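Comments concern the structure below.
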Amino acid sequence: MIKEDDLKPGRPKRITYLSLIAVTLFLIWLGYAVSIDHMPVKNTFWALTPPLIAISLALITREVYGSLFFGMLTGALLNADFDPVGGLNRLFPDGVMAMLADKWNVGILVFLVILGTMVQLMNRTGGSAAFGTWAANRIKSREGAQLSTMLLGCIIFIDDYFNCLTVGSVMRPVTDKHHISRAKLAYLIDSTAAPICIIAPISSWAAAVSGFVKNENGMSIFVQSIPYNFYALLTLLMMIFIICMKIDYGSMLLHEQNAHRGDLFTSGSIRQTQDESQQAEKKGIVLDLVIPVVLLVVGCVIGMIYTGGFFQGKNFIDAFAASNASVGLVLGSAVALILTFNYYWARQSLTFSECMASLPEGFKQMVPAMLILTFAWTLKDMTDSLGAATYVAHMLEHSAAGFMNFLPAIIFVVATGLAFASGTSWGTFGILIPIVVSCFQNVDPELMIISISACMAGAVCGDHCSPISDTSIMSSAGAQCDHLNHVTTQLPYAMTTSVVSFLTFLVVGFTRSALFSLVFGVAVLLAFLLFVRYRINKKVS
């Protein structure tokens, strides 16, 4: 097998040391400038330093925990004016511990544990293996397995977290049988999570976006913005193109080549994960997987509309718009877990002790994702408290003047950068959408809708590219793929779509036509992929 590190022997370790030395020297200089020269930090470019350090180190060293910690440490020191004691207090009591005390965050972590437990139950009873065998008999090709993964991701449009983990647990046995790399599976999951949620009117994302549009019908604005959300639409088309045309490039090509040889992880050896080894413990049936997944979907939908007031008289759409995704997902998944326990007991598939043993196993399976999420949340809090949002908003307001036709492309770039640095799409919505609405609400309503679409598209794009994105972390967990392998293999694909989307937003700024602009974007994307295939075939021959 070919390892990624084998391509440049000795380089990763040397670069890691040099990067850490460079960051340390930079922090020493920054500490001197802030504490001695009293250089302003808040609401300036320096507020973006913590996420930029974390992202740069993650991409260079391929070590996500240490990179996030360095970013958090930088943010804590900047918030405390480089006072060591104040920095420690900002890092732990006011940082990590505060994030773990936040109800919304705890709800997501509980949801992760419940989903991990559900996956363990399905594996212990043999449901995952049975579904894999059933699907393998009907899905005859690698292309079919990838398209099926994409289709399932499009069907589960309620919430991106739920999408990532459910699609991963269901489709892993199928993609493994067809020798599709875990990195490719993670890409397919990630690219049908946020992109499908951001164009689905009934989703937690639609509820969030509509909530940021003040003094307007938020849901109506969201629906009108869907045809202009070029990044989401082009991402979905990009997947179809690369699957049907059998094109892979960048580091994904290496992962797919190794997967053909039997190494799904590009680790140099064929590994068997814990849950896969447990699949053979019992002889299950397809319903052992299908019923828990259906219970999860139904339970989460009911849980979300319950938190939005559906049972207090609100209609379905309004209840979704007012829902609390964190609480709703916990309530729905908890009920689904209880019903799944009873289903397995009724079938005598698992004993009470075996069901309870799945709880700690599910927790352990989700520990890496939970740790990364906690660090990412803390880093975002550090960045917010430094005024990064204020700095970006000020930049956008000044860039808007005199560039009306270029505004959608400008907003797309700003939203991409902000989401990349912060690792959150929703935070980007909350910052930029109110600015767009206030600037163009009474001036140019059509441009307002296009600009809101550009904001949403850029937020999803930056979220896709960022190593500290919670959706990307969830996709890695769902595919059981090394997180930085997922980030580095997805980045060339996401960057391709982002460049084409930028050009498309330039066109729509002048034409105001969603259809013409989308056709232009599809033509450019297809031309690029044909060129890539030509270059790859020429190199092989």
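The values are calculated or read from the model by the stated rules, or taken from the named source; none is laboratory data. What you are looking at is a predicted structure, and each value in this text was computed from that prediction instead of being measured. As a convention, Cβ positions derive from the backbone with ideal geometry for all residues, glycine included, and neighbour counts pool all protein chains shown. Surface areas here come from the heavy atoms of the whole protein model, side chains and all, with no ligands, DNA or RNA. Shrake-Rupley method; radii C 1.70, N 1.55, O 1.52, S 1.80 Å.
Tell me, which residue of segment 78-137 that is modelled with pLDDT of 90 or more and of a type in the set (Phe, Trp, Tyr) is surrounded by the most Cβ atoms within 10 Å (Cβ to Cβ)? Here the answer is Phe82. When Val460, Val532 are screened for being over 18 Å from the mean Cα position of the chain (by Cα) and either under 25 Å from Asp176 (Cα atoms) or not charged (D, E, K, R) (or both), only Val532 passes. Look through segment 178-200, keep the residues that are modelled with pLDDT of 85 or more and more than 16 Å from the chain's Cα centre (by Cα), and return whichever of them is nearest to Phe265 (Cα to Cα). This residue is Ser181.
Among the residues of segment 403-428 satisfying the criterion of being among the aromatic types (Phe, Trp, Tyr) and at pLDDT below 80, which is surrounded by the most Cβ atoms within 10 Å (Cβ to Cβ)?
Step one: filter segment 403-428 for residues among the aromatic types (Phe, Trp, Tyr), giving 403, 406, 412, 420, 426.
With the extra rule that they be at pLDDT below 80, the set shrinks to 403, 426.
Numbers: Phe403: 11, Trp426: 19.
Ranking the qualifying residues of segment 403-428, first place goes to Trp426.
What about Ile155, is it in contact (Cβ under 8 Å) with a residue 40 or more places away in the chain and either under 22 Å from Cys300 (Cα atoms) or more than 15 Å from the chain's Cα centre (by Cα) (or both)? The answer is no for Ile155. Being surrounded by 21 or more Cβ atoms within 10 Å (Cβ to Cβ), modelled with pLDDT of 90 or more and in a loop (DSSP other than H, G, I, E, B) is the requirement here; does Leu337 meet it? Criteria not met by Leu337. Considering the conditions (1) touching a residue at least 60 places away in the same chain (Cβ under 8 Å); (2) surrounded by fewer than 21 Cβ atoms within 10 Å (Cβ to Cβ), Val64 is excluded by exactly one of them, (2). For segment 266-308, taking the residues that are assigned to a loop (DSSP other than H, G, I, E, B), crowded, with 20+ Cβ neighbours inside 10 Å and touching a Lys or Arg at 6+ places or on another chain (Cβ under 8 Å), the one that is modelled with the lowest pLDDT is identified as Thr266. The residue that is modelled with the lowest pLDDT, counting only those in segment 495-535 that are buried (at least 20 other Cβ atoms within 10 Å of the Cβ) and not hydrophobic (A, V, I, L, M, F, W, C), is Gly509.
For Ser220, the criteria (1) open to solvent by 10 Å² or more (accessible area, probe 1.4 Å); (2) over 20 Å from Ser501 (Cα atoms); (3) modelled with pLDDT of 90 or more; (4) not β-branched (Val, Ile, Thr) hold in every case but one, which is (3).
Scan segment 250-263 for residues that are in a loop (DSSP other than H, G, I, E, B) and either out of contact with any helix residue (DSSP H, G or I) (no Cβ under 7 Å at 6 or more places or on another chain) or charged (D, E, K, R) (or both) and jot them down. The answer is Arg261, Gly262, Asp263.
For Asn537, indicate whether it is assigned to a helix (DSSP H, G or I) and more than 25 Å from Gly153 (Cα to Cα).
yes
Starting from residues that are modelled with pLDDT under 75 and more than 28 Å from the chain's Cα centre (by Cα), keep the ones in segment 429-455 and report whichever is most open to solvent (accessible area, probe 1.4 Å). Residue satisfying both the conditions and the ranking: Asn442. Among the criteria (1) of a type outside the set (S, T, N, Q); (2) surrounded by 22 or more Cβ atoms within 10 Å (Cβ to Cβ); (3) more than 19 Å from the chain's Cα centre (by Cα), the one Cys481 does not fulfil is (3). If you check Leu350, Leu379, Leu373 for being aliphatic (A, V, I, L, M), buried (at least 19 other Cβ atoms within 10 Å of the Cβ) and closer than 16 Å to Phe111 by Cβ, only one passes: Leu373.
Do the conditions hold for Ile247, that is, is it open to solvent by less than 30 Å² (accessible area, probe 1.4 Å), within 30 Å of Ala514 (Cα to Cα) and either outside any helix (DSSP H, G or I) or modelled with pLDDT under 90 (or both)? Judged against the criteria, Ile247 is a match. Within segment 311-334, being of a type in the set (Ser, Thr, Tyr) and either surrounded by fewer than 18 Cβ atoms within 10 Å (Cβ to Cβ) or outside any helix (DSSP H, G or I) (or both) holds for one residue alone: Ser323.
For Lys283, state whether it is over 30 Å from Gln348 (Cα atoms) and not hydroxyl-bearing (Ser, Thr, Tyr). Considered against the rule, which asks whether it is over 30 Å from Gln348 (Cα atoms) and not hydroxyl-bearing (Ser, Thr, Tyr), Lys283 comes out as no.
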